[in-house]
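**Student:** For reference, the structure I am asking about is given below.
Nothing in this text is a laboratory measurement; each read-out follows from the coordinates by a stated rule. None of the values given here were measured: they were computed from a predicted structure. Neighbour counts are summed over all protein chains in view; Cβ atoms, including those assigned to glycine, are modelled from backbone coordinates with ideal geometry.
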Amino acid sequence: MRNTTMTRYTKLLILTLSLCTIAAAAHSKTTIEWWQFWTDPAIAPTIDSLVREFEQQNPDIDVKVTNLTWANGHEKIVIGFASGSGPDVVELGSDWIAQFAANGHIADISEDVAEDSAAFQGWGMSTYEGRVYAAPWILGTRVLFINRDLLTQAGYDTSWLPVSLPQFYEAIARIDSLGRPDGIYGWGSNTAEKHRLYKKYMPFFWTYGAQLFTDDGEYCVISSTKAVDALKDYKWISDDYGYVANQRGIEDAFLDGRIGVILSGDWLLKRIEIEKRKINFATTLFPGPGYPGRSFMGGEFLAVNENTDHREEALKFIRFMTSPKNQIRFCKANRSSNPSSLEAQADPFFSEDINRLTFIKQIKLAKHPPVDPDWVYIEDEIERAVEDALFGQGLPATALHEAQIRITKIKEE
């Protein structure tokens with residue numbers, strides 16, 4: 001009887017100790033919050049799967065995911081940081097990094113990423129006053145999409161593509177001359193669509209050698225001769241050969257065979273694939289005076305809250321999400337073509353697809369806006385100038401001169 005009692009006591013003791021161990025382990029878990037924007041049904045399961053995999057590999061860390069929208073996500077992040085309730089890790093568009101770095105909301109991770117910096121592209125967009133504040137994740141650029149059939153009808157060889165601005169302009173004109181009664185246009189030109197219109201002008205701006213600011217950043221020079229020439233030519237092809245609509249409308253018309261050349265992102269490749277569009281098209285780099293030119297670069301970045309109590313866990317999660325393997329996995333699920341990882345860019349998914357490869361090449365020949373806390377306001381002024389030159393009463397030179405005055409005032413305040 002005594003032995004039975006002791007055995008029961010021993011079992012109870014072991015059970016109690018086990019429960020205490022489990023409770024202690026559960027209590028020792030760290031929870032980090034991640035705010036992110038990828039909510040599309042096509043990619044959301046992959047995001048969820050990646051998070052679960054990270055938790056399995058790091059059983060001491062839980063990740064709480066909060067989904068944001070582009071409509072109000074920026075505002076929520078601002079409020080979250082201001083109130084002290086911001087996440088440990090946050091996804092930021094490249095345009096926002098300087099704002100949050102200047103306000104002291106995101107952490108300087110320069111030393112944490114120094115060892116891996118050569119393996120990724122895009123650091124320039126997350127470097128503010130010489131320090132790095134976010135890790136590049138998925139980048140973005142725009143390339144030319146050209147209707148091969150219309151190009152051939154315009155008299156070009158079936159393998160020909162424009163490699164210089166004169167060739168580009170001539171091809172647009174010749175396609176446009178195929179006949180407006182048939183609804184054929186040479187070029188797809190954007191309406192005054194916020195956050196989009198200026199991105200269509202900037203490849204011309206940079207390709208013509210224009211600058212927004214002097215090299216030392218002291219003076220705005222957006223009304224330089226080169227900038228004016230770029231806007232004049234952009235207006236010329238828009239006025240003479242342009243099918244004018246919002247981005248979706250331009251892409252619809254292109255896929256319907258009504259536009260010869262448009263400037264678009266990798267989302268159009270995704271759309272062509274998903275919708276099974278039967279269109280004979282080619283992609284090519286934005287042309288320059290010779291070859292090649294410059295396109296617009298942006299991207300999605302992962303940053304750490306300056307005030308987080310879980311900095312190391314947050315950095316570990318960022319390294320996991322931006323690893324080459326997981327970037328490839330993300331891009332395949334989302335049909336994206338611009339991973340920031342150089343190793344990922346070499347994967348056959350990109351290197352063996354001629355159109356995805358165009359994006360990989362273009363991202364190396366793209367420029368990003370200045371990393372400036374006032375960029376959201378500067379962007380508005382550039383967009384306003386382009387809109388006035390294209391659709392208002394302003395001449396390109398006047399519109400850019402007035403924008404330069406307004407931008408200078410923004411920087412002085």
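**Student:** Peptides 306-315, 151-160, 395-404: what's the order by average Cβ count within 10 Å, highest mean first?
**Tutor:** 395-404, 306-315, 151-160
**Student:** To continue, here is another question. With charges set only on the Cβ (+1 for Lys and Arg, -1 for Asp and Glu), what does the dipole of the chain come to about its Cα centre, in debye to the nearest 20?
**Tutor:** The dipole magnitude comes to about 1380 debye.
**Student:** So what's the angle, to the nearest 10 degrees on a 0 to 90 scale, between helix 44-57 and the longest Cα principal axis of the chain?
**Tutor:** 40
**Student:** Next up: Greater than 24 Å separation of Cα atoms is the criterion. Which listed pairs, LYS76/LYS325; LYS64/LYS316; LYS226/LYS411; LYS199/LYS270; LYS200/LYS361, meet it?
**Tutor:** Long pairs (Cα-Cα over 24 Å): LYS76/LYS325.
**Student:** Convex hull volume of the Cα atoms in segment 170-282, per residue, in Å³?
**Tutor:** 123
**Student:** For helix 73-83, report the angle its Cα long axis makes with the longest principal axis of the Cα atoms of the chain; keep it between 0 and 90° and round to the nearest 10°.
**Tutor:** Value to nearest ten degrees: 50.
**Student:** Using every pair of alpha-carbon atoms in segment 216-286, split the distances into 10 Å bins beginning at 0 and state the percent of pairs per bin, rounded to integers.
**Tutor:** Over segment 216-286, the share of Cα pairs per 10 Å bin runs 15, 39, 25, 16, 5, 0 percent.
**Student:** Let me ask something additional. Restricting to the chain, what percent of DSSP beta bridges are antiparallel, rounded to 5?
**Tutor:** The antiparallel fraction comes to roughly 60 percent.
**Student:** Can you pull the semi-axes for segment 302-413, root of five times each eigenvalue of the Cα gyration tensor, sorted largest first, whole Å?
**Tutor:** Output for segment 302-413: semi-axes of 37, 24, 10 Å.
**Student:** Cα centroids of segment 107-134 and segment 22-84: how far apart, whole angstrom?
**Tutor:** When both Cα centres are located, 22 Å separates them.
**Student:** Further, regarding this structure: Please report, largest first and rounded to whole Å, the three semi-axes of the ellipsoid equivalent to the chain, where each semi-axis is the square root of five times an eigenvalue of the C-alpha gyration tensor.
**Tutor:** 48, 26, 17
**Student:** GNM, the chain, Cα, under 10 Å: largest mean-square fluctuation among ILE32, ILE318, ILE279?
**Tutor:** With Cα springs under 10 Å in the chain, the top fluctuation among ILE32, ILE318, ILE279 is at ILE279.
**Student:** Order of LEU390, LEU178 from fewest to most other C-beta atoms within 10 Å?
**Tutor:** LEU178, LEU390
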